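Below: one structure, written as structure tokens.
All of the numbers you see were taken from the coordinates with simple rules; none came from a lab. Because the structure is predicted, anything quoted here is derived from the model rather than measured. Methodologically, a virtual Cβ is constructed for each residue, glycine included, from the backbone with ideal geometry; neighbour enumeration extends over all protein chains shown.
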Amino acid sequence: MFAKRSGESAAQQKMNATEEQIKALNEGLTYQLESAQNKVIQAQNFVKSDSAEVIAIMSFFETSEKD
């Protein structure tokens, strides 16, 4: 009877450990997803910044040609 209880305890411990591993993996995936989303936002902001710079340069040259 004691062996059966020990076996159940070991099985419970293994189940708990597996649940913790799953939780850690999910947290890692969430972190990676958020990191990728941040990189996309940074890239979008970079493109907007470059586009604004191009527009400013074009405006400068258009103004210069009129003078």
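Calculate, for N16 and N38, the FRET efficiency according to 1/(1 + (r/R0)^6) with r their C-beta to C-beta distance and R0 35 Å; round to the nearest 0.05. FRET efficiency, N16 to N38: 0.60.
When the Cα positions of I41, A11, T30 are compared along the charge dipole of the chain, A11 comes out farthest toward the positive end, with charges on each C-beta of Lys, Arg, Asp and Glu. Taking Cα atoms only, the orientation of helix 2-66 departs from the longest principal axis of the chain by about 0 degrees.
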